[in-house]
1. Could you tell me the calculated FRET efficiency between residue 2 and residue 265, based on Cβ-Cβ distance and R0 = 51 angstrom, to the nearest 0.05?
2. Quick one: net charge around residue 198, please, counting Lys, Arg +1 and Asp, Glu -1 for every other residue with C-beta under 15 Å from its C-beta.
3. Can you list the equivalent-ellipsoid semi-axes of region 5-253, largest first and in whole Å, using the square root of 5 times each Cα gyration tensor eigenvalue?
4. Quick check of the Kirkwood formula: for region 60-104, what is the inverse mean of 1/r over all pairs of different Cα atoms, in Å?
5. Which FRET efficiency value, to the nearest 0.05, do you get for residue 89 and residue 244 by plugging their Cβ-Cβ distance into 1/(1 + (r/R0)^6) with R0 = 41 Å?
6. I want the local charge near residue 13. Using Cβ-Cβ distances under 14 Å, sum +1 for each Lys or Arg and -1 for each Asp or Glu among the other residues.
7. Can you bin region 181-266 into rounded, prolate or oblate? Criterion: square roots of the alpha carbon gyration tensor eigenvalues sorted a ≥ b ≥ c, rounded for a/c under 1.5, prolate for a/b above b/c, oblate for the rest.
8. What lysines could a cross-link reach from residue 99, if we take a straight Cα to Cα line under 29 Å and drop same-chain neighbours fewer than 8 places away?
Amino acid sequence: MLIAQISDMHLTAEGTLLYRRIDTAGYLERAVAHILGLDVRPDIVIATGDLVDSGKAEEYARLRRLLAPLPMPVYLIPGNHDARDTLRAAFADHAYLPKEGFLHYAVEEWPLRLIGLDTLVPGKPYGAMCEERLGWLSARLDERRDVPTLIFLHHPPFDCGIDAFDRAKLNEGGVAFAGLVGRHGNVERVMCGHVHRPIQRRWAGTVASIASSTAHQATLDLQDGAPLSMMMEPPAIALHYWKAGGLVTHVSYIGAYDGPAPFRAI
């Protein structure tokens, strides 16, 4: 099974640029073309939040149009830039999305069980797993302890060393979330977005990873108190490959680069 993870697309309305300089729609178009051009086509696509930039209906309408060429199932979760009910309305045909409440869901029909979590706190950059959300997750994990499981959410539950994002991670319920995941050895990966960089960490008895943005990346500045800034480094997607009982993750950079070529001259 091959999973493509896209994240932090920050779609804006037609005719606008993010920060008046970044064509996030054009970047997403290239990401979709990249997925379609892979030698092995992914079975599914998972989008880990900040799907649009302002949570507006016209942004989600544009997102639908740009994702439409993908023939495989696409699973969406909200980030802090999203609007829960507007997202739900725009993708009402996505049967896995609940009709009310938090946008949590479990998908059972793949070799890996997929659990999507809604960590959105409206109007705040950080995320939360409140008692209600933790209770829902606990019940789902207890249902299928024998099935390898992926959990995906927007806000990372761990510090990454970039101050601005460490102040805006999964701030509420993070310790309880770690304890819950740690009690379930079948959780193969916790997949996140938010930080706009590829990052991995051993966490709560499993591996937690963050995907790049399909557009702009966060500056890799590990100085204490460093201001939030961005770099136009190459956009990328994450490819999670499940085979023979193990999950391997690759970073797949979007763009035209020299190669492939042999390592040695012929």
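None of the figures in this text is laboratory data; all of them are computed from the coordinates on show. If you're wondering where the values come from, they're calculated on a predicted model, not measured in any experiment. Every residue, glycine among them, receives a Cβ derived from its backbone with ideal geometry; neighbour counts consider all protein chains shown.
1. Efficiency, from the Cβ-Cβ distance: 0.95.
2. In short, +1.
3. 25, 21, 19
4. With all distinct Cα pairs of region 60-104 included, I get 11.2 Å.
5. Computed FRET efficiency for residue 89 and residue 244: 0.50.
6. On the way: positive: 20, 56, 62, 64, 65; negative: 14, 23, 53, 58, 59.
Overall, the nearby charge balance is 0.
7. Oblate shape, in that a/c is at least 1.5 and b/c is the bigger or equal ratio.
8. Candidates past the 8-residue exclusion: 56, 124, 169.
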